[in-house]
């Protein structure tokens, strides 16, 4: 195994162009596990740790740009106001040591359906900035996942950053695991309210071959909120709407039975998380708009 260690982003792109099978390594929280257990033996490792720009982030007026190697710890500490869903997801990643090393770029590169950041990125409507010696392109998060642990990157491309819209409404994230830490998700769910467009987006992890959105649930809820005037009158979400939303989110899943959980359990858990998150985020939305339960009911 050869170890490539570029000193700059330009050198990294040149190395990836020359050695397209090279596997990027930054935090190493996934690839090193595979190497240690002899599950994978890449011909080349492309070390990106000397490239400072990958650890930078920038909060803009509408969008926050997060470098591919920004550690989850920094997201938790610095971006919880602008990217609350991603910050919540970051809290659930493994241990403090791994959160100090791992970043969103590695999650995206591995494209595991169980990756913790995926539901939050889907719910927020993120875009992935990728680059090669041929140029830069932006990949919408909905188009990024192409199969089990496969993504839309070309062989000579590297992930540079993820662009996430700043939250204009409440966001939530939940993860089910066999314990509270150091665990791969049995399933996960993310929800984001977008009041400026009067829409809701979702993200589901570890319950299908790829991270997915519950589009039928979104369409139902968007219509129900609009038809009922909920965005304007601040009414409490009715139990029937929450129940239907949860059932549709559960129906979006296409899970498998494995050592972590059964397909039936995953569908059930996703439905519960979706229903609860809808109630939580909507009550938060009502609260930030100066309404109380008594006054809006």
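What follows draws every value from the coordinates through simple rules; no lab data is involved. Just so you know, these numbers come straight off a predicted model, no measurement behind them. Because the Cβ atoms are built from the backbone with ideal geometry, glycine has one as well, and the counts that use them run over all protein chains shown.
A few comments on the model shown:
- Tilt relative to the chain, helix 215-227 - C-alpha long axis, 0 to 90 degrees, to 10: 40
- Sorting 168, 202 from the fewest to the most surrounding beta carbons within 10 angstrom yields 168, 202.
- In the elastic network of the chain, a GNM with C-alpha springs shorter than 10 Å, the most mobile of 177, 67, 287 is 287.
- Normalising the average separation of contacting C-alpha pairs (under 8 angstrom, six or more residues apart) by the number of residues puts the relative contact order of region 1-155 at 21 percent.
- Mean sequence separation of contacting Cα pairs (under 8 Å, at least six apart), scaled by the length of the chain, corresponds to a relative contact order of 15 percent.
- q = 0.10, 0.16, 0.21 Å⁻¹: log10 I(q)/I(0) that the Debye formula gives for region 93-225, counting C-alpha atoms only: -0.33, -0.84, -1.29
- With Cα atoms, 0 to 90° folded angle of helix 9-18 axis to the chain main axis: 70
- Relative packing of 31-40, 192-201, 6-15, which averages over residues the other C-beta atoms within 10 Å, highest first: 192-201, 6-15, 31-40
- Placing a label point 7 Å from the Cα of residue 265 along the Cα-to-Cβ direction, the residues of region 191-210 whose backbone N falls under 16 Å from that point are 206-208.
- Normalised contact order of region 171-296, rounded percent, pairs of Cα under 8 Å and 6 or more residues apart: 25
- GNM remark for the chain: springs join alpha carbons under 10 Å apart, and the peak mean-square fluctuation among 110, 253, 187 falls on 110.
- Where N is the number of residues in region 64-118, Cα Rg divided by 2.2 N^0.38 Å: 0.99
- With the highest mean first, a sort of the peptides 89-95, 140-146 on other beta-carbon atoms found within 10 angstrom per residue produces 89-95, 140-146.
- Counting only Cα atoms, the size of region 171-296 along its three principal axes is 47, 28, 24 Å, in decreasing order.
- Structure-derived Kirkwood radius over Cα pairs in Å - corresponding label in (i) 18.9; (ii) 19.7; (iii) 23.6: (ii)
- Put simply, when 217-225, 205-213 are sorted by average Cβ atoms within 10 angstrom per residue, most first, you get 205-213, 217-225.
- Computed over region 7-150, the percent of Cα pairs more than 26 Å apart is 22.
- With Cα atoms defining each centre, region 152-183 and region 97-128 are spaced 3 Å apart in the structure.
- Helix 239-251 axis versus longest C-alpha principal axis of the chain: approximately 30°, rounded to the nearest ten.
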